[in-house]
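> This is the structure I want to talk about, given as structure tokens.
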Amino acid sequence: MIGFDSEMGRSRKEFGNQTAAVFFMISDKDDDVTWEETEERAQAEDERRMAMSYISDAWADAIADGIDADAVAQAALFTALIDLVAAYGETAVAELAEALPQRILQGEYTVNRTLQ
């Protein structure tokens, strides 16, 4: 993981996980965060980035094999919803889904957007 610690002026990759955790602790607004919680957050972010990389690679492979992008998107959404319902239950996932229109309209899922 490569990130930049603006206060220290150094890349997090140079120092490994400890510096990544320190970076998150510095940038976190909650003053009561322990070192262990900060480390867990850094590890969780690393895991999400790795997961995104796996999904992106699988997506690209499917497209390269001639599968329509809409079919891949539908399959990905369906699979994600199945896993989320299994993990958190229908009510929690329904609440998550209710928030999606606002988040979409706010640009959270728009990769190439122009900010004015």
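> The range 53-110: which chymotrypsin sites (Phe, Trp or Tyr not before Pro) are DSSP loop and have at most 12 other beta-carbon atoms within 10 angstrom?
TYR109
> How high is the FRET efficiency from ALA64 to ALA44, r the C-beta distance, R0 25 Å, rounded to 0.05?
Efficiency for this residue pair is about 0.25.
> A further question on this structure: Stretch ILE55-ASN112 to full length: gain in nm at 0.36 nm per residue minus the Cα-Cα span?
18.6 nm
> Right, something else. At 1.4 Å probe size, with every protein chain present, just tell me what the per residue accessible area of the range 65-116 comes to in Å².
On a per-residue basis, 87 Å².
> Moving to a separate point now. Tell me which trypsin sites (Lys or Arg not before Pro) from the range 35-114 have a DSSP coil assignment and no more than 16 other beta carbons within 10 Å of their own.
Those satisfying the criteria are ARG113.
The values are calculated or read from the model by the stated rules, or taken from the named source; none is laboratory data. Quick caveat: nothing in here was measured; it's all calculated off a predicted structure. As a convention, Cβ positions derive from the backbone with ideal geometry for all residues, glycine included, and neighbour counts pool all protein chains shown. These accessible areas exclude ligands, DNA and RNA; they are computed on the full protein's heavy atoms, side chains included. Shrake-Rupley method; radii C 1.70, N 1.55, O 1.52, S 1.80 Å.
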